[in-house]
Structures are given as C-alpha cells and as structure tokens.
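The values are calculated or read from the model by the stated rules, or taken from the named source; none is laboratory data. Predicted model, so just to flag it, every value in this text is computed and none were measured. Note: ideal-geometry Cβ built from the backbone for every residue, glycine included; neighbour counts use all protein chains shown. Please note that ligands, DNA and RNA were not included when accessible areas were found on the heavy atoms of the full protein model with its side chains. Shrake-Rupley method; radii C 1.70, N 1.55, O 1.52, S 1.80 Å.
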Number of protein chains: 2
Amino acid sequence: MITGKTINEMKIGDAVEFTKTITEADIYMFAGITGDVNPAHLNEAYAKKTPFKKRIAHGMLTAGYISAILGNQLPGPGTIYLGQELKFLAPVFIGDTVTVRVEVAELMPEKNRVRLKTTCTNQDGKLVLTGEALVMAPKQPVNVVTPMKVAGNYEASLPAQREVGAQS
Amino acid sequence: MITGKTINEMKIGDAVEFTKTITEADIYMFAGITGDVNPAHLNEAYAKKTPFKKRIAHGMLTAGYISAILGNQLPGPGTIYLGQELKFLAPVFIGDTVTVRVEVAELMPEKNRVRLKTTCTNQDGKLVLTGEALVMAPKQPVNVVTPMKVAGNYEASLPAQREVGAQS
C-alpha cells in the first residue's frame, strides 16, 4: 500500500530516496514515447565524437524519477504536481545508478502547497541534476493498494490497485 | 537528416512545434521506466473519484516533448540541455493531442546559451504546460542522418544514423 500525505503529515527536512540503474531500454523507450531521437541518446558512433564520448540518458528521463517519488511517496497519491525547476549538471550514462532524493523544503499550509528540493546523484556521489518541485498535497490522507511497492518491488498478492482512502 | 543549429543560426522568435496524441501505452511505458506508479495515471477506478475524473498523463511525460524539439530541431543535435522550468497548468488525458511549441526567447552569444519559451497546449488550445528551457547550442552545425524525420515520420531508406558534421 502507498499512502498520500497531507501537508500536516509532513515537516521540513522529510526526505525520500529512490535508486535506479539506467538501462539502454529505458533510454530507447523514452525516445520512442517522447520522440526525442537526438543522436546523443541513440547513436553510439556519433556519441563517441561528442564531449561525453558515449550515449547519454535524456535529462528528462532522470527528471522522471523525481515524479516517481512525488507520485508514490512524498506526498504520494493525491498530489497535484504544479511545477518543477531542473538544472542538468552532468551526463547520465547507460549503466549509471542514479539516486533521486526529494526533501521537503517549505510548507505553505494556507495554500496547501509544498516546495521540495530535488536532487539526483550518480553511483559516484556526483550531482547530475538539481532543482525544486512545487506540489499541492492531498487534502485528506490517500491510501492506495498498488501492485508495485516503493522502488519497484512487486507485491504479487495484490494484483489490482484499489483506493481505500479519499481524495478531494 | 536533422541539423543542429549554432547560436548564430537562430534569432529571437524562431519557433518549432511538434504535435502528438498521448496514448495509454505512452503513460504505461513512462510509469514503467520512471517508476511513477501514482494511481492517478494507472488506476481508472481511483481516478474516477479524483477531481480529474479519469486517468491523466504524467506531467513529466508531456515535458518530454519539449526535450524532443530541443534535441531534434531547435537547436537540435549538439545541444546541451542545461535547465528547464515547468509549470503544469492543466491535466492531459489519454487521447489528448498535445502541441508543444519551443520559441527562442533570448540569445546569449558570449556564453553560447539560448533561453527558449516552452509551451504545451491541448487540442482545444488550452495551455497545459508552460515554462522555459536553457540550452547550450552546438558550436558548429551538426548534421545527422536519422531514421526518424522530424515529428516521427520514418525515413525508411536511411536505416542507420550517421554523423556528417562535427560537434565540439
């Protein structure tokens, strides 16, 4: 089960991390669904001649992992994503293991808005992406049974998602 | 062939648009590759009870179309994506047809940086996403033969990508 948190259930400094190894398949599917076929992502012969020397992941693919934490955990279900600032600081290569961290930076209860610091680092601890998210938290706690546990583990006994809370 | 433009080949107001219908498959693949399994995207029974009444696309999926224009056309190959600001203004539903527009807003030749206004509208002309991108343009024109023409049409006679220009 994943639970959406109201603004009253969060405090500044609360943080969630999620780690994922970027595969070639991720990049090719991202290229397919977005249409971003820039050769820096898809053409190894071309990429060898670039400053990065090999294919790199789309920056927006890495940014998608921020969305995963916001949507799954902090605040989680019931969240409305209002905005995101992104700075792409370093390339992410096929096989890199990226840890995204989302941390509550500011609570604005009068408008039910939360600002969160969002960073992604690679397996060497190098910052590859930084920025911040602005979201509206669920007004009431939202509990959702999901086939996928946090960080992608499957809950085989729970094949269907089911809402047991409320969203307003 | 797609061509990357140097900063000298762009002027303020230059714009490129790309239109795509969002499918259920796009959303499910995006959920799979990012791990964002928020039920607002994947659970129709849950979504019916939300303010949006049905499943919505991930905001970061729509944002990926901005990356497609930057990477394919404006500036195109050789571009280095430095940053992006995003404001998610309205939901995008399965079957919606989104037009993303990227327009040159500021040229900073001393640093070889370009700021671009980025907007996404749906089939009713409603703004669903706005923001701006910051990129480094290729220092020299980059020509790349690609299997995919702009906007996703296949160039069947050119199965392999091939660099014929240079990137520095």
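List of remarks:
- For residue B:111, label point 7 Å along C-beta direction: distances to other copies, nm: 2.6
- Two-decimal Rg to Rh for the range B:1-54 - Kirkwood Rh, Cα set: 1.25
- Shielding score for A:61-74, defined as the mean number of other chain Cβ atoms within 10 Å: 6
- Helix B:59-72 vs. chain B, principal-axis angle (Cα, 0 to 90°, nearest 10): 20 degrees
- Accessible-area composition of chain A, carbon plus sulfur, in percent [1.4 Å probe]: 53 percent
- Scaled radius of gyration (Cα, divided by 2.2 N^0.38 Å) that the range B:107-147 gives: 1.64
- Copy-to-copy label distances for residue A:123, where each label lies 7 Å from Cα along Cα-to-Cβ, are 4.4 nm in order of increasing length.
- Acute angle (nearest 10 degrees) that the helix B:24-34 long axis makes with the longest principal axis of chain B, alpha-carbon atoms: 70 degrees
- Sorted from shortest to longest, the distances between the residue A:1 label points of this copy and the other copies are 6.1 nm, with each point 7 Å from Cα along the line through the beta carbon.
- Once Rg and the Kirkwood radius are both taken over the C-alpha atoms of the protein assembly as shown, their ratio Rg/Rh works out to 0.97.
- A 1.4 Å probe, protein heavy atoms only, puts the accessible area of residue A:97 near 40 Å².
- Working note: 222 nm ellipticity from helices only, DSSP H runs with n ≥ 4, each -39,500 (n - 2.57), summed and divided by the residues of the protein assembly as shown, gives -5500 deg cm²/dmol to the nearest 500.
- Placing unit charges on each Cβ (+1 for Lys and Arg, -1 for Asp and Glu) gives chain B a dipole about its Cα centre, and among B:125, B:25, B:82 the Cα reaching farthest toward its positive end belongs to B:125.
- With a 10 Å cut-off around each Cβ of A:128-135, the average count of Cβ atoms from other chains is 1.
- Shielding by partners, peptide A:19-30 (average Cβ within 10 angstrom, other chains): 2
- Check: chain B dipole with +1 on Lys, Arg Cβ and -1 on Asp, Glu Cβ, in debye: 240 debye
- Sorted from greatest to least, the principal axis extents spanned by the alpha carbons of the range B:2-163 come out as 52, 37, 29 Å.
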